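Down below is the structure, laid out as C-alpha cells.
The values are calculated or read from the model by the stated rules, or taken from the named source; none is laboratory data. This one's a predicted model, so the numbers in the text were calculated from it and none came from an experiment. Cβ coordinates were reconstructed from backbone atoms using ideal geometry, including for glycine residues, and neighbour counts include every protein chain displayed.
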Amino acid sequence: MTEIILIGAGLIIGAILCFHGYKLFRLCLAVVGGVLGYVFGSFLCSFIEGQGSALPELVKILITFVPALALAAASFALYMKALIGLTALFCAYFVYTDYGNLFPGRGPGKALMPLLTGFILGLILGVVVYFAQKWTICFFSAFVGARVIALVSAPYLWAFLRSNPYSLYIQDTLLGARISETPALTACFIIVAFTAAGFVVQLKSSKKK
C-alpha cells in the first residue's frame, strides 16, 4: 500500500513539474532542492553504515531531513542563483544512476566519471537556464518532471516489457547485454516523450498570459 502511495505521489509531482513547471517554477525549484537534499542525506547514511557504523533511527532522520529542508529553503530563497548548483547536482545524480554502467573502469573511478560528467553538463545547462530563462525553464522543468515520472514508472513498465523477447533484443542491441537487466532504455523513452510533451504544453500555456 505504501509503495502504491509513493508511486502515485511521484506521478503527480512529476506531472506538475512536467506540465506546469514554468508557472510554479520557484516552488518547483524548492521541491527539487528538497528532493536532492533528501537523496544526499540518504546517500550519506548508506555510506556511514557501509563503513560498519550503525546509526540510530533518530540520527538517520536528522541526516536525511535536515539537508532536505535546508536545501529546499535555500532554493526558494535564492531562486535563480540556486538553479545552477541544483541543476549540476541533479544531472550528476541522473547520469550516475541511469547511465553509470555505460562508463568504463572499475572501483572509485567508475563512479567518479559519470558523476563528473553529469556535474559538468549540469553546470553548463544551469548557466544556460539562468541567462535564457523562459524557454530553458520550460525545458528544464519538463525534463525534471519527466525524470520523476520515469523514476517511478520505468521499473514496472520494464518488468512488463521483459516478457517480450523483442524488447530485450532492442535494448541489448542499442545499449549492450551488460545492462539488459535494467530499465535504462525504457526510462530514456519515457523521459524523451514526457519532456517533449511538457515543453510544448508549457510554451503554449505561457503564451496565453
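Here is how the numbers come out for the structure above:
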quantity: Among the candidates ILE61, ILE7, ILE48, ILE12, residue that is in contact (Cβ under 8 Å) with a residue 40 or more places away in the chain, surrounded by fewer than 19 Cβ atoms within 10 Å (Cβ to Cβ) and not polar (S, T, N, Q); calculated: ILE7
quantity: Filtered residue count, segment 69-88, keeping only those that are within 15 Å of SER42 (Cα to Cα) and either buried (at least 20 other Cβ atoms within 10 Å of the Cβ) or basic (Lys, Arg) (or both); calculated: 1
quantity: Segment 31-45 residues that are of a type in the set (Asp, Glu), paired with ones that are part of a helix (DSSP H, G or I) and surrounded by fewer than 18 Cβ atoms within 10 Å (Cβ to Cβ) (beta carbon under 8 Å, 6 or more apart); calculated: none
quantity: Criterion: at pLDDT 70 or above, aliphatic (A, V, I, L, M) and touching a Cys at 6+ places or on another chain (Cβ under 7 Å) - qualifying residue of ALA146, ALA187, ALA150; calculated: ALA146
quantity: Lone unmet requirement of (1) part of a loop (DSSP other than H, G, I, E, B); (2) surrounded by 18 or more Cβ atoms within 10 Å (Cβ to Cβ) for SER53; calculated: (2)
